[in-house]
Amino acid sequence: MALRLLGRAYLDVFRKFIYLTVDVLPLFSKPTLVRSLCCYVADRYKNKIDLVAGLEARGFSIFDTQKRNFKGFLFGPIIALELGIPFVPVRKQGKLPGPVISASYQKEYGKDVFEVQQDVLSAGQRVLIVDDLLATGGSLHAAEQLVKQTGATVYANFVVIELGDLNGRKVLGSEVDAFLTY
């Protein structure tokens, strides 16, 4: 499968922790594959969701002008555009303007906080949360908590790659749809 061949796995060392990270960026060298993947997801969730929420892709800097450190939301916006529905970014703490809702989560090496703007999700909306990678499930769980705080419903979580041995789906409250599992 072309997607599996394009993903790269690395052992990473961060703050004395060693963990496996998977780089999905090589996929973007093949626009037809990205489009096919996003169309697959859009077809799967057509007429079932009202909104796509995408997690800030850790470490994948699309551009970094004047230290704004804007990270890429790689798949979510494409899926939302394909469906003709809104996209909502789920960002790290302090990066969104205006009033926000927050949820903290545990990472391999400490705690972090995700935020969404207060007025972007409404009660009753069905939300697909999209991320590039499911490892321990901490970040997706925090995103689920943010959605629930607004009264919206997490319809499902979609990830491009799941590291199955880490059992991340066990901490999640909603269905997980993984395109590839390692």
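Read the figures in this text as sums done on the coordinates, not as results from a lab. Just so we're clear, the structure is a prediction, and the values are computed from it rather than from any experiment.
Computed values, structure above
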{"quantity": "Three-way shape call for the stretch 101-182 based on the alpha-carbon gyration tensor, with the a/c threshold at 1.5", "calculated": "oblate"}
{"quantity": "Amide H partners (placed H, <5 Å) of Gln118, local residues excluded", "calculated": "Val100, Ile101"}
